[in-house]
Each structure stands twice: as structure tokens, then as C-alpha cells.
2 protein chains.
Amino acid sequence: MEGFAIPICSLQQSPFYTPAQFAIMKTHLIALSTCLFLCGVLLTPQTTLHADEGMWLFNDPPRKLIKEKYGFEITDQWLDHVQKSSVRFNSGGSGSFVSEDGLVMSNHHVAADCLQKLGDKDHNYYRDGFYAKPRADEKQCHDLELNVLMSIEDVTDRVNAVVKSGLAAEQAFLARRKIMAEIEKESLDKTGFRSDVVTLYQGGKYHLYRFKKYTDVRLVFAPEQQIAFFGGDPDNFEYPRFDLDVAFFRAYENGQPAKIQHYLKWSKAGAAENELIFVSGHPGRTSRLLTVAELEYHRDYRLPNALTRLYRSEVVLTAYSARSEENARRAKEELFSVQNSRKALRGMQAGLLDPELMASKRSEERRLREAATANPQLKDTVSAWDRIEKAQKVIRENAQRYNLFEAGLAFNSELFGIARTLLRAAEERPKPNGERLREFVESARESLEFQLFSDDPIYEDFEQLKLADSLTWMAEQLGPQDELAQKVLAGKSPIQRASDLVQGTKVKEVAVRKKLYTDGKPAVDAGHDPMIELARAVDSEARSLRKIIETQTEIKQQAYAEIGKARFALSGTGSYPDATFTLRLAYGVVKGYEENGRRIPYQTTLAGLYERGAEQKFKPPFDVPQTWLGRKRRLDLKTPFNFVSTADIIGGNSGSPVVNRNAEVVGLIFDGNIYSLVLDYGFTEVQARAVSVHSASIIEGLRKVYAAGKLADEIVGRP
Amino acid sequence: MEGFAIPICSLQQSPFYTPAQFAIMKTHLIALSTCLFLCGVLLTPQTTLHADEGMWLFNDPPRKLIKEKYGFEITDQWLDHVQKSSVRFNSGGSGSFVSEDGLVMSNHHVAADCLQKLGDKDHNYYRDGFYAKPRADEKQCHDLELNVLMSIEDVTDRVNAVVKSGLAAEQAFLARRKIMAEIEKESLDKTGFRSDVVTLYQGGKYHLYRFKKYTDVRLVFAPEQQIAFFGGDPDNFEYPRFDLDVAFFRAYENGQPAKIQHYLKWSKAGAAENELIFVSGHPGRTSRLLTVAELEYHRDYRLPNALTRLYRSEVVLTAYSARSEENARRAKEELFSVQNSRKALRGMQAGLLDPELMASKRSEERRLREAATANPQLKDTVSAWDRIEKAQKVIRENAQRYNLFEAGLAFNSELFGIARTLLRAAEERPKPNGERLREFVESARESLEFQLFSDDPIYEDFEQLKLADSLTWMAEQLGPQDELAQKVLAGKSPIQRASDLVQGTKVKEVAVRKKLYTDGKPAVDAGHDPMIELARAVDSEARSLRKIIETQTEIKQQAYAEIGKARFALSGTGSYPDATFTLRLAYGVVKGYEENGRRIPYQTTLAGLYERGAEQKFKPPFDVPQTWLGRKRRLDLKTPFNFVSTADIIGGNSGSPVVNRNAEVVGLIFDGNIYSLVLDYGFTEVQARAVSVHSASIIEGLRKVYAAGKLADEIVGRP
């Protein structure tokens, strides 16, 4: 992930997918099952809190904790104001209103999708930036929806009332789904607000969230990507940083700038060391309450195996890229995704290898199990941990082959993905809609066909490289005695086999794909296309592996839901649920940390940007942009640029405002340091830090580098 | 390996060491045992020959084969001339005399050691090149010895006469060693030539090689490294290539240029397509006759495991390097070695995954085993294959822990290497010389102390990074339940533990090392240095693993020797022994190949150099040097630059002359393509190719780029 804009199980940005899976996903072969399998799901609240821990519900904030520790009283008015000033970017990030005229602040990397879609052959706003000085120049984003949380209503009783105890899991699920849909529709009809029933505490609570929607959102300002993502991949997840990862939008209603009652004022001073700060945003997903058995699985199998594959892919892609500029262009997207995932997973692994974290997880689990055992009402829950452990064991036993044959790690190839889609479409489409594999249901058809018939170029050399390498990976994993591996390789070396397949397949041609897709099974069977035949050769085992994983995942989900409810019954609220990409309040202090015996200061300055660039001889990605080089002398180089704080954030918090006690903006979340990656599993404030753009640098940059004084005036409220 | 200059088990350049092992080797912890274990040893001749296969003995050349296939008669005179024109670089490469005044041609990368040592703070000859126009400017290399093979004498009977049958393995070994030393001394006394008894066919033959030595060797010419290694790591082992990987020396005797009777004349035309060519050089080591069991071990365990570790190291080092120029400088050497090894091992793995190669190995082995079974004189040999398989199984079972704890993959750290040396020196030095671990014997003492007390800087951040990563690797490999792993981590996360160790150890200071080394065991024990205590914690298991591996390796060696002798008894000569870094004759044709359905032409031209540079925007390592850019217009751009041939070469052949039927130079070996890496295990000419500098480009470059017409005249024999 570039920065922290990760919605739950986002296919585009989740660090949980290898490029093979990612590539295959793009052709819609794997959908939710892999996502559930690989993401870890359904998590429950924690009972012992660390210092500045927590992604708190706005209707259950940690008033007492904060009062005791910081002497600050969170009033209802303060909460309501911050809540309604906060904005969710449905593309996967957070933001806030910062003027009464609907100005919205977020990150450049949250704006990336809009920036890219607004570009054309003559304009690359993503790379070069954008500024609409007169409002008339503000450009409407193609498909951006912003949500503002207007109210929260507890509907737990109403939901539970229809889910009678004794209902089998499947009926319970359906009944719950039905009442939730009813509540949502009723609320929508009544209020006109987008209304979502959110499952919290794994089913311990159901809250109805009502959102005001803005769908006319226009781009106001974005800097060049070079300054927004200065330091690129090498500095991603690292600190100190020097990034102006900011963008401004404006929400419109009826063709006019929206009039906003609740927006955040700008702090004059900005964030100061040791200051108490709050982060209001939308953390996407956390896995803080995985059982110890599942955490150990992550630590000992899932992360090491995923990393082994990522290291390999990174080397293969890097070596390929180094051979020519054109190669580098072809591999760029996949390489970035691999590097990004590798960094994220290494951080998570490092966290799980910390015995303190595991010890605290273990003692918490013990406490909860003992409590469940002692409580007759929770007798069904007692076995939940064992059921998860058992399911996890089955998953572990099947993970290698599942990953190879169903998730497609043996076949890292666009062409294989296409071939398999054609094979399966021919088999699935004649079935009743409800009996098909998920990715072939009618509602997904349009998007599937759009991708399947895409004429995006497919590069044969790149395909061969990736396929040969993934076939080699398969041979390594299974050994050459494995029957299915032998069938796959067909008596050839991986390199030869990959070459034959890529050379031989006709699915390279869009017309062939269309014809096979339209003519269906007889045509697909008669075609004997070598890539389709390969997909066929593994299909029976692949499907049965998928079934095993899906079944075990369902078993785990149900057990986690029981643990969640038990935990809630025992601890009540007074804690916070796992992240659900809904609005949460985090808090902490602006504070540096120790690294390898060195003190890492809490903030950087604009001077540091030029120093970091010079130290790297201004070579990309350390090439300070021309605008910043040319206007260096105008700048106050002592202006704080980025800073770190102990606030508890995760992917999805990108673009969250950082505010002070007065609810004034002092910064803008855009990343976490490498130690914060473990926050997925559990909170720590020893070294984990949220990384923000300092509010002062935003104004300094707007005024002195981008001649955007008008925008700066609007932000600071100068008439 | 940059190019092909790899002597047997060279610590500096062998692709068989991970950086951890390499780093540790540098502090002399692991010597021959690892080398034997990891390099594969003691190999025997092959009986079915492929087309242009073979690294032939000069006293047993493939006259009949070549006569039949190419209609060319190898005369004694031709052989004698080529042999005496060939030169061995004892630093690990090959060369040839190319003028009567002692001019010697080899590769820039074979000259690297001399070039670097001749440099000083004002001169970087390795990077910038060198040319001594007047002979008086020729610069004497510090420690370069050249050998010319003058005669070969079969001493098999004399050796075997003292090795009575029935002698136990150890006595036989000692008796053999004694007679070989006697023969060598006698020959030296009689002829004044360096005299080595060379063990061929795993003991099937013993030949006495007499060499004329040149120790006054002076540098005449080398181009810039930029053109010698154009394309750098990305193009290393690849083809097409555009490298002028050449250097010239002059052998001196009594302060005067040596007068040379046998030197190679220069071909007017140079290498032409489909032409028969010969390569006379010193292949370092091949493993062509490993048993199938051992090859499968290489394919299924050794190579995948080594590669997994290399991928990981490459990513860690690359990511570290990308963070700053200074980081890149610190990691450069290790990163290059890792990339190089990764490429080599991937090539070897690809070769072993070719079922054809394995099938031919299998059928050969079957034939030999049947023959051995049928021959009563070979009854002891019959069990040799099983003994190897059994030993291999024990090695496999212990390899993981051996690699972690004794070979040091768990502790990739200079400081750990130093700490272990101090610990073990304290224990070993009081023992009688013959009972010590090999690296602590008296003859190695000076060099060990030189390295141990080196004040080369040790970078704490880099040490911590590598140690944390290798401790993580250990945790991944063994799981956190492993008792020794727990002891190593001492209840901490790998990152924390690495930081504590590197921060805490005193062996960073040379003075501390000296004191501990001098004061010995009581001081080392009393010091409680955390890094030394870590070495102590694993020492007992490490030593016992080493013993297991050494014992099994010895068992394999003896079995291989028996197979070798049996093979020799059955097939006689008429084949060629595995490479031994002694002079061999290979042959083949100048010929392109197919790659992914594309035809790769046999040669490149000077024009291609500029095209490749332009295509890469002249970014390093594709930055065509200024000299070549400035003089482009003078050059005949159609001049052939590099070419490929089917000749059977391997590391150590770097710098070998490529000659035509008239024994004229048509090229200069400097690399093999990626498909040639499998030649270690077996010959193939489908895609495997030797890569040479074309003779014409050498002259064109000397005359038109380097204004070295005088040198060119000497080479082409113009007065």
C-alpha cells in the first residue's frame, strides 16, 4: 500500500495478495473466498488496553481514559463537531471538511484514482499536480462518493429479536440479513440518508449508521506526485519522511459548493511535541482478536510463506526490469505491488515475532476462555477456540496446494487467468445463478466480461518469465514426483513448458476469447487450446481445494462470532471493536521514538527535504521537484514538514485529520512507520507511529510553492 | 561470478556461498568442510558424449570425434603449440601468449585483482583503465603468477604401486599423498618446473603436470570497467552482449620481456558463423558425474533452499541500498555477490529441472551400475551409489541446522564471525596443531590474525539489519518452539535481539579482539561479551553438526573415488575427466540459438553497443563510456563485437583464447549465457553457449578508441 488508504479486503491495495493472486483477481477468478482466507476475519474487542490504544466508536469514546491521562474532557459537542467534520472516501480513505464552502482535505494518494481518471493524453494530473484557482476550474471526479456520518442508532435488540436462539447457523444468518435490510430500507425512506447496519464486536452490537452522501465532488488542488510521495518505495513506511501527501476537493450540492456547518478550523501553531492529538478517520480492518492458534499460523506459516514468494517475485521482476526501460515499464505495477506487500508483511511478521505481544495475546485468551467456561450462558462458546484451531489445521494442510492450484501461484500469467475464466464460464454459466461459483453470478457478469475482453496488451516475454518462474515454484514446492505437478509440466522443463503454453495459446486474441465465451462448452472443449487444457487439468483438484478452504473459513467465522459475542457479554462496551471502515476516534501524543539506540525526532522540517534530496544526489525517487527547488529561497525552511504520533491507526486512515483539543487541524495522516504494521494484530506504542503531514507545511507549500494563497486563505479562514 | 573466472571452490567468486557464509569465511570460520559440502565433489568421466561436449586433456584429445565430425586433424604439433601458448592465471582464470615478446591476453575481470591492487588514492585503474604506451610504463602486478603447462607425464603406476590394495582408507590416503609429494619434489629438483601431480578421473589416473612459472607479470592495457562490463549485473550471463572484456599483460624474465616460442597468431577474419573453433583454458570445476541421488538432492533441496535465501538477501540488501547512497556503498559488495550467485543458481536449477538431462543421467548411471555388477573386480564398487545416497540422506537431514548454526546462516554478521573466531581460537589454540579445527592450524594463523585484527569499518546499522534478518530466518526455519532457537533469541524479537547484540558487543574494537585473542580462554570466558556468549550458546551443536557433515562428506568422497575408478576401468580414457583447473581443450562451432521462439544471432556488432545504450538512455550500467561515445564516428560499426559458440566451458575458462583450425585467435572467452550455467552438471548445446569477445573488436577498439596502435601492431604481428 502506498500510504494508508486500504479499505477492507480491497483487491487493489491489500498487502495480502501476491502478484499472482492479484493478476488472477484482475480476471475475476478469485473473489471473496481468497479474501477471507488470506485476510483473517471477524475479530473481537480487546480487554486490557495499552496507553494510547484504540479505534473508538464515536458513540462510546474513551472519555474516562483521556480525562485521567490527559485531563481533557471530551464533550458531546466536541464529538458531534469532529464526527460531522469527518468524511469517508468510499474509494478507500478518509478526509475532513476544512471550510464552510465544502472544502475537503485528504491525501494525494487517496486522490490518486480521481487524478488518474481526470487525466488524458495531454494531462497527467496524478504526476504533475493540479490547481483550480477560480472555482469554475474545479474538475468533477468521475465516480467519487463521500460519506459523512450523521447519526448512530443502536439496533441490536431489534436484530437479535428475530434471530431466535436455537436457529441453525444458516437460518440465523438469513434472518439477520433480512432484518438488517429492513432496518436500512426503513431508515433510507424516512431520512433520505444512506443507512448501513454495521456489525460490531463480531455481532455483539448492531449499529445503524446514517450517512449524508456527496456524489458531486470536484478536485481543487493536488501537488506533483514527486513531492506527495517523495522518497518513493524506499521511504514508504519509513521515517523520517518529507512528503506533502495532500489533496483538496470540494463537495458540491445542486451545482454549488456545499454549505457545511461542521468543518475543522486550522490550528495556528500546528502539532507540537508531546501534545495530545486526536485522529478521526476510517480504519479499514484489524485482526486484533485472532486466537493464539491463528496468530501462530500467521507467524509460522502464512507470513513466512507469503514473504518467501514475495522475495522471489521481487527479485524476478527487478532483474527483468533492469534489462530494459521497456521491461521496467511492463513490470512496474506488479513490482510496486510486490514491494509494497513485502514491506507490509515484514512489518507484521516482525510484530508477531515479538514474544511480548504473543504473551499478552496468550494471557488475554486464557482469561476469556476461563470466563467463558465459568459462565453457563456461554457454554457453546467454550469449544470455539478449539474449533478455530481445528479449522486452521485443515487450512494449513491444504494451503500449499490451494495457493498453487486455486489461488494460482503455480500459474502467474494473465493468459492462464483468461483461459481458466473461459473454461469455468463455460461450465458455470449454464447453471442456475445461485449455484454458480461466486465470480460467475449475473451481478458480476458485466464487469467480468469487461475484463475478459479487455484489449490491454499482454506481453509474451513477460508472461513466459512469470509463468516459467511460477511453474518452477510449483516444482520446488511439490517436488517432481507429485502427480498433478507432472501433469502440469507435461514432461517438460518449466521454462520450456511456459514457452510452449504462451506461444501456443490462442486466447491472446480478444476475438478468440469472445467466440469461446459466446459459444460455450462445446467450443471450449473442441478448441484444445493448450492454456485452457492446462486449466482443465488442474480444475478438479482446484475446485475441491476451494471447497475445503471455504468450508473451514465458514466454520472459523461462526466460531469467531461466538467468541465475539461472549467477549462482549463479559466486557461490554468500554472497549472498541475491530476496525470496520467506519468512523473511529483514535488519540495519542506527538512523540519520537528510539531505533537501534538512536533517537528519531518527532518531526522533520522543510530543510530536511532538501537535505534528503542532496544526500541522494536528487536521483529518483529523491528528485525534489523543480517547483520546490526553484522556490526554496522563499520558504521558511524551519517549517515543520512531517511528524509522528502514537495514535492507533491502520490502512483506511489515510487522509484522516489530526486535531488538537480545540478540534483544530494540526496535521494530516498519510502513513505509518514500519513498526506500525503490526497494529493489524495488536497495539504497541514503543516504536509504532502514525506519520502525518504537519499543518504548517501545507499552508507554507500552498502559499509559497504553488501560489495558491487563495486556497490557503480559505483554509485558515482569512477572508 | 562476474564472467567466468572461477577457480575451484574459490571463496571470492564461487556461486556456492551465500553472503552469510561468505562473510563468515572472511573471518576464517568455515573452510574446506563447507566448501566440500556445498560445492559437490569428486566427479567422474562421462561415457556418452553429446555433440561438442568435453573439456579434454591435452594428452588425450578427441582426435577421432573431430576428424569425423569436422574433417579436421589435430596434429601433435598443433596441440603442442596451443598448449604452450596457453597460460593459467593462478588468481583464477585463463589466458594466452599473443606475441613473441611475452604479451598475454586475458579478461578485464581476470585482471581485476591486479588492477585494483595497482590503484591508489589518485588512480583507479580498475574503473578507468590503463595503457602503457612505452614498455617502461608497464606496471608490475603485486602478486600475480602465470603458469604454462610444459609437459604431462602419466605417473599412475608409480602412485598405485605404493597404495597396496587392502590398505584402510586413511592409510591409503597418506601413502598416496606421500608418493605424490615425492614425485613432485623429484621433478622440481630435476627440471626446475613447478610440478603438480594431478588426480584425474577421481583417482583413475595420476598425471604429473610441469609448469613454467612467470612471477614478474606487468600490466600493459585494460579498458574502462564500463566497457569491459557494459550492461553490468542485468546483462551478466545474458546474451546478446556488448563487452570489451579484455586486458593485456606482459611476462618478464630477468627484468626483460620474456621471449616466447609458442604464442598464438591473430586471425585476419576472426570468428565466422558455423566455424569450428577451439578453446584452450582452465575450467575450474564440474559436477558432471554426481549420482542421480545427489543430483536430485541438488534439484529438490540444495538449489531451492539456497535460492530462497538468496532471494531474501537480495531484497533486504536492495531495499537497504535504496534508502541512501551511503547504504548502497556499504552493501554493494555483498549485493553483487548475492545477485551473481542467484543468477548462477537459477541457471543451474533450470538445467536440473529439464527432464531430458535427468533421464540421460539416470540411464547412464543404470548402465554403469549394471557393468559394475557384472564385473567381479568391481564388486566393492557396486554399493558405492547406495552409500552416497545414504550419506546424502544424512546430510539432507542435518543440512538445515548445519547451515544455520555452523555455516552461520542464522548469524549474518561480521561481529558474530569475529566473536566465534575468538571463542574457538581460545579453545583450539592450546590443542596440538593436528587436533585443531582446520582454520586454526599454524599454517593458517598469520592470515587468520590478519583478518581478525583488520580495522575495516563495521557498520552497526548494516550489522543489525543483517543479523535481525538472519535471526528471523532462523525463527522461520525452526519455528519458535525450537530449544536452540529460543536460546539464541533469549526471549526477544529478532530485531531487538540483533540490536542488543550489536550494541552490546565489545568485539567491535580491534584492541579488545587482540586482548581476548592473546589472553585466551580465561579472558574470553570472563568477558561475558554478549556476541561471544551467543557463539558459545550454539557452539556445541554447531561443532557436532560439522562433524556429521564432514564424516558423510568423507564417505561420499570415498564412494565417488570408487565409482570413478570403476568408470575409468570400464571406459578407459577416450573421454574426459571432470574439470580440475588444469589445461583442457574444448571445441565447438560459432552458432546462435533459439529463445522463446526467437532466433538469437551468433554475433553482435559495435553498432549494437550504441543501440543498447540508447535503448537504456545510457543510464548505468548501460552508460557507454565517453571514450566510446567520442570516437564513435571513427569506428567501423559493422565490426563484430561479441559472439557465441557451443564450446564446453565453465568458470575458470575466463580469458581463454578461442582459436581456429590454424590456431589463430578469433576470440576471447569471457562469459557463458544463462543456459550454460547447467554445464556444471552436464553438457547441452541446445541453448547453452560460451560468450566471447570477437578478435576484430579488440583490434578496432585498441586502434580507434584507445590510440593503442602500437599494441595492436604487436598483436597482429605488424612490424
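Rule-based calculations on the coordinates, nothing more; no lab input. Predicted model only: the values in this text are computed from it and were never measured. Glycine also receives a Cβ, built like all others from the backbone with ideal geometry; neighbour counts cover every protein chain displayed.
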Here, B:ASP154 and A:PHE72, labelled 7 Å along Cα→Cβ, have an inter-label distance in nm of 9.3
In whole angstrom, the spacing between the Cα centers of segment B:516-538 and segment A:330-363 equals 36
The rounded separation in angstrom of the Cα centers of segment A:434-492 and segment A:661-701 is 40
The equivalent-ellipsoid semi-axes of the protein assembly as shown, taken as the square roots of five times the Cα gyration tensor eigenvalues and listed largest first in whole Å, are 61, 35, 33
In the A-onto-B rotation, chain A's nearest residue to the axis by C-beta, with distance in whole Å, turns out to be A:TYR311, 2
at B:GLN256 the sorted inter-copy label distances (label 7 Å from Cα on Cβ side), in nanometres, are 10.6
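Efficiency by 1/(1 + (r/R0)^6): what FRET value for A:SER443 and A:ASN59, r their Cβ-Cβ distance, R0 = 41 Å, to the nearest 0.05? Please report the intermediate quantities before stating the final value.
Values: r = 33 Å, r/R0 = 0.81.
That gives a FRET efficiency of 0.80.
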One finds, for B:ALA328 and A:GLU325 with R0 = 25 angstrom and r their Cβ-Cβ distance, a FRET efficiency to the nearest 0.05 of 0.75
Length gained if B:ASN433 through B:ARG543 is fully extended, taking 0.36 nm per residue and subtracting the Cα-Cα distance, is 37.8 nm
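What percent do you get for the relative contact order of segment A:290-562 when only Cα pairs under 8 Å and 6+ apart count? Display every interim value, and only then the final one.
On the way: 238 pairs, mean separation 66.3, N = 273.
So the answer I get is 24 percent.
If you count the DSSP beta bridges with both ends in the protein assembly as shown, what percent of them are antiparallel, to the nearest 5?
Values: 134 of 138 bridges.
Beta bridges within the protein assembly as shown, antiparallel portion: roughly 95 percent.
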Residue span B:HIS528 to B:GLU615: 0.36 nm per residue of separation minus Cα-Cα distance leaves a gain in nm of 25.5 nm
With a ≥ b ≥ c from the Cα gyration tensor eigenvalues, square-rooted, and the rule rounded for a/c under 1.5, otherwise prolate when a/b > b/c and oblate otherwise, chain A is oblate
Sorted shortest first, the nm distances from the B:ALA490 label point (7 Å along Cα→Cβ) to its counterparts in the other copies are 5.7
Expressed in µm² per second, the diffusion coefficient of segment A:290-562 from the Stokes-Einstein equation, with Rh the Kirkwood radius over alpha carbon pairs, at 25 °C and 0.890 mPa s, is 116
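I'd like the FRET efficiency for A:TYR459 and B:ALA175, computed as 1/(1 + (r/R0)^6) with the beta carbon distance as r and R0 of 60 Å, rounded to 0.05. Could the numbers behind the result be given before it?
Details: r = 63 Å, r/R0 = 1.05.
So, using R0 = 60 Å, E works out to roughly 0.40.
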For B:ASP636, inter-copy label-point distances (7 Å, Cα→Cβ), nm, shortest first, read 7.1
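How do A:THR505, A:THR551 rank when sorted from fewest to most other Cβ atoms within 10 Å of their own Cβ?
A:THR551, A:THR505
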B:GLN481 and A:ALA293 label points (each 7 Å along its Cα→Cβ direction) are spaced in nm at 1.4
Once the dipole of chain A is set up from charges on Cβ (+1 Lys and Arg, -1 Asp and Glu), the residue from the list A:LEU534, A:ILE549, A:GLY709 lying farthest towards its positive end is A:GLY709
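Mind listing which trypsin sites (Lys or Arg not before Pro) in segment A:211-267 are in a DSSP loop and have 14 or fewer other Cβ atoms within 10 Å?
Details: sites: A:LYS212, A:LYS213, A:ARG218, A:ARG241, A:ARG250, A:LYS259, A:LYS265; in loops: A:ARG241, A:LYS259.
Sparse-neighbourhood loop trypsin sites (Lys or Arg not before Pro): A:LYS259.
According to the square roots a ≥ b ≥ c of the eigenvalues of the Cα gyration tensor, what is the shape class of segment B:314-443, taking rounded for a/c under 1.5, prolate for a/b larger than b/c otherwise, and oblate for the remainder? Write out the running numbers ahead of the final one.
On the way: a/c = 3.47, a/b = 1.40, b/c = 2.47.
Cα axes put segment B:314-443 in the oblate bin.
Once you order the gyration tensor axes a ≥ b ≥ c over the Cα atoms, which shape class does segment B:409-539 get: rounded for a/c under 1.5, otherwise prolate or oblate by comparing a/b with b/c?
On the way: a/c = 1.96, a/b = 1.56, b/c = 1.26.
Since a/c reaches 1.5 and a/b is larger than b/c, the shape of segment B:409-539 is classed as prolate.
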Output row, site A:ARG634, 7 Å Cα→C-beta label point, backbone N cut-off 17 Å, window segment A:604-622, residues A:606-607
In whole Hz, the Karplus estimates of ³J(HN,Hα) for segment B:179-184 (6.51, -1.76, 1.60; θ = phi - 60°; x where Gly or Pro) are 5, 5, 5, 5, 4, 4
